[in-house]
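Okay, so here's the structure we're looking at.
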Amino acid sequence: MRSFRFLGTALLLAISAPGAAQPASYVVQVYSYGFTPRPIHLAAGRPVTLTFVNSSGNGHDFTAKSFFASSRIITGAAPGGEIELAGGETRRITLVPRVGVYKAHCSHFLHATMGMTDQIIVN
Ligand SMILES: [Cu+2]
């Protein structure tokens with residue numbers, strides 16, 4: 001019995017051991033009218049799951065064409081360099097970002113003017 005418990009613990013440690021396969025987690029809040037955090041800091045070459053949470057009842061998007069184009073996307077998609085979010089929607093994308101400073105904004109009419117701009121710093 002005792003040895004089985006030890007085996008279980010050993011297995012658990014093996015599974016939860018730090019490894020390159022585990023992506024980091026990063027949450028971007030989307031609301032009327034802004035993004036948080038601002039700027040967004042990411043580690044270059046490290047897989048990260050970006051979770052975009054639209055807490056408002058209105059549709060918004062996170063447009064960052066050069067950022068998504070230069071990243072290696074693992075799961076999810078950003079067609080046209082955009083993450084489109086309906087009111088209350090949450091979307092995830094897992095990618096490996098490349099070194100650089102990128103601009104992001106909401107492409108909906110006048111939303112960038114009202115504050116929906118951001119910067120992604122990857123280093
Ligand atoms: Cu917007």
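For this structure, a couple of remarks:
- Residue 41 contributes an accessible area of around 100 Å² to the protein surface, as traced by a 1.4 Å probe with all chains present.
- Exposure ranking of 26, 102, 31 by accessible area [1.4 Å probe, largest first]: 31, 26, 102
- Approximate spin-label separation residue 69-residue 121, in nm, with each point projected 7 Å along Cα-to-Cβ: 2.4 nm
- Label-to-label distance, residue 89 versus residue 43, with points set 7 angstrom from Cα along the beta-carbon direction: 3.1 nm.
- Each of 84, 89 has its accessible area taken with a 1.4 Å probe; listed largest first, they run 84, 89.
- Under the simplified labelling scheme, the residue 27-residue 98 pair shows an inter-label distance of 3.1 nm, with each label point 7 Å from Cα along Cα→Cβ.
- Cβ-defined net charge surrounding residue 78, 15 Å radius [Lys, Arg +1; Asp, Glu -1]: +1
- Evaluated at q = 0.20, 0.22, 0.24 Å⁻¹, a Debye calculation over the C-alpha positions of the range 23-122 (equal weights, vacuum) places log10 I(q)/I(0) at -0.94, -1.15, -1.38.
The values are calculated or read from the model by the stated rules, or taken from the named source; none is laboratory data. The shown structure was predicted, so the numbers you read here are calculated from the model rather than taken from an experiment. Note that we place each Cβ from the backbone using ideal geometry, even for glycine, and neighbour counts take in every protein chain shown. Surface areas here come from the heavy atoms of the whole protein model, side chains and all, with no ligands, DNA or RNA. Shrake-Rupley method; radii C 1.70, N 1.55, O 1.52, S 1.80 Å.
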